[in-house]
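Read the figures in this text as sums done on the coordinates, not as results from a lab. This structure is a prediction, so every number in the text was calculated from the model and none was measured. Every residue, glycine as well, gets a Cβ built from its backbone with ideal geometry; the counts of neighbours run over all protein chains shown.
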Amino acid sequence: MIPQNHWVRALTAHSPQTIQSLAERLTLNWKVNFKALPQAGLSLLQMEDGVFHEPYYLGEIPLVSAWIELTNSAQESFEGAAQVMHDSEELAIALAICDAIMTHHLPGWQNIAELIQQGMEKRIWEDQQRGLMLAKTRVNFSLLSQEEDDAGY
Amino acid sequence: MGYIAIKGGETAIGQAQELLEFLRTHSFTANPLSLDQIQHQLHFLHSRVLSEGGLYHPELASLAIKQSMGDTLEAAFYLRAYRSTRPRLSETPLQGGKNMRLIRRISAAFKDIPGGQMLGPTSDYLQRLFRFELLDESPEQFRKIAKSWLQETPKEALPTTFPKVLESLRQEGLLPSVSECPNRPFDITREPIVFPVTRSAALATMARAETGSILAIAYSNMRGYGDIHPTVAELRVGYLPVQMPHLVTGELIEVGEILMTECEVVAMYDAEPNQNTPTFGLGYGACFGHNEVKAIAMAILDRALQKGMKHSPDHPSEDPEFVLLHIDGIESMGFASHYKLPHYVTFQSDLDRLRSTQNQSR
């Protein structure tokens, strides 16, 4: 099972339409209420400088957030929330719905789990491409006084 | 002497805007640039606009480049204008560069660094000779390049996160200690800079500085108007996962990632009279996107400004007021551009005064 802190990363490997249509389909028999109004705006990116470990602001990022509650016909309620670097409130709502369904194993959670799994595979592929960029350009410079060169790299 | 409002010219101004659009499109056979093409084929231009705009929004940075027809200053201005219309929702928890998923990592200080050096995508070792085959590059040839790169890969990929080079120097006691109780960072987008400034204000200002401006002032230091003598301990390019707390559980969740460049320089050591053990000086630079020259220039100026803040500045590049008030592209472009606008009354006043003075001297 992929941990919750990777769900947004995995799900956003798919198109927003894919996530939104799945969330819509899975909540046909549920009432979706907002625990807080969805918001789209910016977040200030706080970084730690690498030399003195002091905080500073590198700049801003787009951020959208949603916090929802799903209620079924038996009046049982389940919360879910999501924040994502995007502008679309609809996407954040869909991710929050997925979060609620996955967290509480509500009907259809297997569909989301499958989407998360597929998304994670895409992300792992991306990470592997980056790892390959490093592997292909790994360098071992030799000093001129040394006989051996960096053949093999 | 004051400014005076003008009126009229509405038709001409409208036509001038349309003419700009004509200039963008008048090659009747060409296709419009897609945002994806701009982001990937104009990688460094795109990175520059991201960092100078101070907003990590790759799609809108591409749009800004398209709309400004490649003018970096104008493009950054579009991002700044856009950001000013958006609500501020939050600030992220502290993010650390050591979590970056790297695509490039080099050190000029050590031949061997823990995890090794990886050149990544760089033009550092290119001969600057034209590749004339690109004059007539077919879509098939273009697509073939990426495909063949993916086929010719080593069996094993490397991990993408690595420890910082400076960590080993710090363990040896060769570096100054880290800040114990760092202050809350200064938000340059909400508060005006008043001197003396905090280091966090200087870093934030330099992170969104215009590349040419920050490079020029750092270059003055490199050439001799300063004595930083930096060595690049580590230069890294990669994707930083951005984490935000989950609204229900509070657990940190990855909400996206940003491409960024980070540079850490070791400078000449300080032998302070009241300091028991001398240590190296340090400088730090970082910016959105892939912009190594800017990150290096920022790291040098960070060190120069620390010196200027501690002692009195000996050179312009050590003077926070001189550096931080002259590196913003939007501000400097705005001041330069305003000279194009009608100054009829003020100049008439100059003319009148000169004529009067000439008449008196005759």
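Summed over all non-identical Cα pairs, the Kirkwood treatment of chain B gives a radius of 23.9 Å. Look at the stretch B:195-202: the mean tally of other chain Cβ atoms within 10 Å of its residues' Cβ atoms is 2. Checking the Cα-Cα distances for B:Lys307/B:Lys340; B:Lys164/B:Lys294; B:Lys164/B:Lys307; B:Lys111/B:Lys294; A:Lys35/B:Lys98 against a 27 Å cut-off, the pairs over it are B:Lys307/B:Lys340; A:Lys35/B:Lys98. Under a 5 Å amide H cut-off, with hydrogens placed 1.01 Å from N, B:Ile258 pairs with B:Leu240, B:Val242 among residues at least 5 apart or on other chains. As a ratio to 2.2 N^0.38 Å, the alpha-carbon radius of gyration for the protein assembly as shown is 1.12. For peptide B:239-247, the mean count of partner chain Cβ atoms within 10 Å of a residue's Cβ comes to 6. Seen from a random direction on average, the alpha-carbon convex hull of chain A projects onto 13.4 square nanometres. Among A:25-37, B:90-102, B:34-46, the peptide with the highest mean count of other Cβ atoms within 10 Å heads the list, and the full ranking is B:90-102, B:34-46, A:25-37.
Taking the square roots of 5 times each eigenvalue of the Cα gyration tensor of the stretch B:130-211, largest first, gives ellipsoid semi-axes of 44, 26, 12 Å. Seen through its C-alpha gyration tensor, with square-root eigenvalues sorted a ≥ b ≥ c, the stretch A:23-85 comes out prolate because a/c lies at 1.5 or above while a/b is bigger than b/c. Of the peptides A:124-132, A:83-91, the ranking by mean beta-carbon count within 10 Å, highest at the top, reads A:83-91, A:124-132.
Evaluating 6.51 cos²θ - 1.76 cosθ + 1.60 at θ = phi - 60° for every residue in the stretch B:338-344, the Karplus couplings come out as 5, 5, 7, 7, x, 10, 4 Hz, glycine and proline recorded as x. Annotation: peptides B:201-211, B:306-316, B:234-244, B:138-148, ranked by per-residue average of other Cβ atoms within 10 Å with the highest first, follow the order B:201-211, B:234-244, B:306-316, B:138-148. Evaluating 6.51 cos²θ - 1.76 cosθ + 1.60 at θ = phi - 60° for every residue in the stretch A:104-119, the Karplus couplings come out as 9, 6, 6, x, x, 4, 5, 4, 5, 4, 5, 5, 5, 4, 5, x Hz, glycine and proline recorded as x. Using a/c under 1.5 as the rounded threshold, could you call the stretch B:260-362 rounded, prolate or oblate? The axes a ≥ b ≥ c are square roots of the C-alpha gyration tensor eigenvalues, and prolate needs a/b larger than b/c, oblate otherwise. In terms of gyration-tensor shape, oblate.
Taking amide H as placed 1.01 Å from N in the peptide plane, B:His57 has no amide H partner under 5 Å among residues 5 or more places away or on another chain. Shape class for the stretch B:10-83: oblate, because the ratio a/c of the largest to smallest gyration tensor axis (alpha-carbon atoms, square roots of eigenvalues) is 1.5 or more and b/c is at least a/b. Taking 7 Å steps out from each Cα toward its Cβ at B:Lys144 and B:Gln127 produces label points 2.4 nm apart. Counts of other chain beta carbons within 10 angstrom of each beta carbon in peptide B:111-120 average 5.
Amide H contacts for B:Leu252 (H built 1.01 Å from N in the peptide plane; partners 5 or more residues away or on another chain; cut-off under 5 Å): B:His246.
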